[in-house]
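The values are calculated or read from the model by the stated rules, or taken from the named source; none is laboratory data. Predicted model, so just to flag it, every value in this text is computed and none were measured. Note that we place each Cβ from the backbone using ideal geometry, even for glycine, and neighbour counts take in every protein chain shown. Calculation scope for accessible area: heavy atoms of the full protein, side chains included, ligands and nucleic acids excluded. Shrake-Rupley method; radii C 1.70, N 1.55, O 1.52, S 1.80 Å.
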Amino acid sequence: MTFAWYGHLQFQKIDWLKSTGLVGVILISWFIALFEYAFQVPANRIGYIGNSGPFDMFELKTIQEAVSIGVFIIINIFVFKSGQMQWNHVLGFCLIIIAVYVIFKKW
């Protein structure tokens with residue numbers, strides 16, 4: 001979802017997309033999101049414990065958020081190249097990893 005949500009912020013760098021209005025940006029983002037959902041929905045269906053998968057819905061959402069933030073970090077640093085990663089970003093992302101551990105830990 002990173003490209004669907006944040007990709008349009010890079011349109012100013014692409015000549016033929018510079019003049020894209022809000023409606024155009026929304027339609028492009030929806031198209032990208034549709035492509036991404038085509039993978040996410042089946043993955044949730046296969047992974048859900050109610051369909052013989054190993055994960056409950058809390059775990060599925062946690063996986064999705066952790067993967068999403070990981071992809072965001074990589075894309076932001078290597079593709080968008082916008083801004084520097086600071087200590088508070090690293091700390092926040094580490095706290096997300098700790099949250100994943102807490103959710104998956106069988107207490």
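For W30 and H89, a Förster radius of 22 Å and the Cβ-Cβ distance give a FRET efficiency of 0.15, rounded to the nearest 0.05.
Exposure check, 1.4 Å probe, all protein chains in place: K18 carries approximately 100 Å² of accessible surface.
Note the listed values (i) 47; (ii) 53; (iii) 30, then indicate which one is percent of Cα pairs over 22 Å apart calculated from this particular structure. Label (i) holds the value from this structure.
Ligands, DNA and RNA left out, the 1.4 Å accessible surface of the chain is 73% carbon and sulfur atoms. Working from label points 7 Å from Cα in the Cα-to-Cβ sense, the F72 to K13 distance is 1.9 nm.
Across the chain, how many lysine pairs, 8 or more apart or on two chains, come within less than 24 Å at their alpha-carbon atoms? Don't skip to the answer; put the middle values down first.
Working: K13/K81; K18/K81; K61/K105; K61/K106.
Eligible lysine pairs with Cα atoms under 24 Å apart amount to 4.
Between Y48 and A99, the simple label model (points 7 Å from Cα in the Cβ direction) yields a spacing of 2.2 nm.
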